[in-house]
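The values are calculated or read from the model by the stated rules, or taken from the named source; none is laboratory data. Since the structure is predicted, the reported quantities are computational estimates derived from the model, not experimental observations. Backbone-built Cβ (ideal geometry, glycine too); neighbour counts: all protein chains shown. Please note that ligands, DNA and RNA were not included when accessible areas were found on the heavy atoms of the full protein model with its side chains. Shrake-Rupley method; radii C 1.70, N 1.55, O 1.52, S 1.80 Å.
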Amino acid sequence: SGMSGMGGMGGGAKRPAPEEYRLALSLEDLFAGCRKKLKVTRRVHATAKTPEDAQAEAQRANGAVAMREIEEVIEVDVKPGWKAGTKLTFAAKGSEQPGQPGKSADLVVVIDEKPHAVFKRDGDDLMYGCAITLRQALCGFKLTFRGVDGEDVVAQPATGEVTSPGATVRVKERGMPSRKRPGGRGDVIVKVDRVDFPKRATEAQRAGFKELLSGAK
């Protein structure tokens, strides 16, 4: 327990500022929704039960009042599709103001998003960066990777399309749950970060490229 100076004594004291806790969640947790337990530490009056008790105690102890720390567990019910920055307020679950027994601050839990190994989130969409070979850029490609829902995502450009660096392929309704469209989801957007060229080509390959590309604009 510790001693704290008395601040803003009296019945009309303002409610203390909310206390903030941050809760970091994986994309998978934010996709599916989950229930998380969060351990919080609160400072409360050690003995005083009323402001009058606290005032009497402070007069005996040079303006200080005894406080102690208690640990509590709060449950956070995370809804599918929540974004980083989502805030939940738990009324009067924070610390008491010295001299104001029973007057606890609110506790605000702010949702953070853990970095993901595969995806970057953009609203309800999930971005997936990749590199392809020159052959794939010219002849087409098919990428298969695990989605945030645990199912395979298959991305394929339109037939006959040549893929440049920076091009994107959109896979509809495979992103995060939409809070605005119940039952709807964002998209997975595959972005081709770079096209890897072969290091060298034989004379025969070069002749083949010339013939192949002679009609290209």
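Number of residues in segment 119-148 that are assigned to a loop (DSSP other than H, G, I, E, B) and under 24 Å from Ala158 (Cβ atoms): the value is 6.
Being at pLDDT 95 or above and open to solvent by 50 Å² or more (accessible area, probe 1.4 Å) is the filter; apply it to segment 148-161 and report the residue that is farthest from Val195 (Cα to Cα). The extreme case among them is Glu151. Within segment 39-68, the set of residues being assigned to a helix (DSSP H, G or I) and open to solvent by 80 Å² or more (accessible area, probe 1.4 Å) comprises Glu52, Gln55, Gln59, Arg60. Residues in segment 162-176 that are on the phi < 0 side of the Ramachandran plot, part of a loop (DSSP other than H, G, I, E, B) and open to solvent by 30 Å² or more (accessible area, probe 1.4 Å): 6 in all. Selection of segment 189-212 for residues being closer than 21 Å to Thr163 by Cβ and either in a loop (DSSP other than H, G, I, E, B) or modelled with pLDDT of 95 or more (or both) yields Ile189, Val190, Lys191, Val192, Asp193, Arg194, Val195, Asp196, Phe197, Pro198, Lys199, Ala201. Just need a number here: residues in segment 135-147 that are open to solvent by 40 Å² or more (accessible area, probe 1.4 Å) and modelled with pLDDT of 95 or more. Qualifying residue count, segment 135-147: 4. Could you go through segment 86-102 and let me know if any residue there is of a type outside the set (Asp, Glu), in contact (Cβ under 8 Å) with a residue 24 or more places away in the chain and under 20 Å from Leu27 (Cα atoms). Yes, the conditions are met somewhere in segment 86-102. Checking the conditions here, which among Lys120, Lys114 is in contact (Cβ under 8 Å) with a residue 40 or more places away in the chain and either over 30 Å from Pro51 (Cβ atoms) or open to solvent by 40 Å² or more (accessible area, probe 1.4 Å) (or both)? On inspection, the qualifying residue turns out to be Lys114. Hey, can you tell me all the residues within segment 125-158 that are of a type in the set (A, V, I, L, M) and touching a residue at least 60 places away in the same chain (Cβ under 8 Å)? Once the filter is applied, which keeps residues that are of a type in the set (A, V, I, L, M) and touching a residue at least 60 places away in the same chain (Cβ under 8 Å), segment 125-158 yields Leu126, Met127, Ala131, Ile132, Leu134, Val148.
A count restricted to segment 160-217 and to residues that are more than 45 Å from the chain's Cα centre (by Cα) and hydrophobic (A, V, I, L, M, F, W, C) stands at 7. Within segment 159-172, residues that are under 13 Å from Asp125 (Cβ atoms) sit with their Cβ atoms under 7 Å from residues that are open to solvent by 60 Å² or more (accessible area, probe 1.4 Å) and assigned to a strand (DSSP E or B), at 6+ positions apart or across chains, in these pairs: Thr168/Lys191.
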